[in-house]
Amino acid sequence: VREGHFATHIENLKQAYRRRRDRMAAALGSDATSTLDVRVPDGGFYIWHRIPDGIEQSALMARAVASGVTFLPGRACFSADSSENAVRLNFTHCAEADIDVGIERLLAAVRESAATAPRPHIDGASTAPVV
């Protein structure tokens, strides 16, 4: 700080975090089967996502951890709204080269969780046919 290197250090961190953020967003957006809603932040250390309805976060977390990745459930970040569909991913604490593998594992866990999620019952009598 005294020698004037702090501003350079901060600029280097900003560039490194921007590259990681962009790489994570690209990895999330590259999966054609994904139903995640990718929201790229202008600042901060996290990318927020909405996972498909019906996926229980604890089941998704168990699958993700078993494959070597994790996330913060959205409900841990809100005081009033449980936000069952929100997950928060940190892009600052992982090596840039590990992001693609981590996102691939997370998306696989999302697909597995969606495939085993209970389906809502639809009463055919109250549903108009689509022709």
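What follows draws every value from the coordinates through simple rules; no lab data is involved. Just so you know, these numbers come straight off a predicted model, no measurement behind them.
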Next item on the list: Collect residues whose amide H, placed 1.01 Å from N in the peptide plane, falls under 5 Å from the amide H of Arg39; neighbours closer than 5 in sequence don't count.
Entry: Trp48
Next item on the list: Per residue of segment 100-110, in order, report the coupling 6.51 cos²θ - 1.76 cosθ + 1.60 (Karplus, θ = phi - 60°) as ³J(HN,Hα) in whole Hz, putting x for Gly and Pro.
Entry: 4, 5, x, 5, 4, 5, 5, 5, 5, 5, 5
Next item on the list: Treating the Cα atoms of segment 53-119 as identical point scatterers in vacuum, please give the log10 of the normalised Debye intensity I(q)/I(0) at q = 0.18, 0.28 Å⁻¹, two decimals.
Entry: -0.68, -1.26
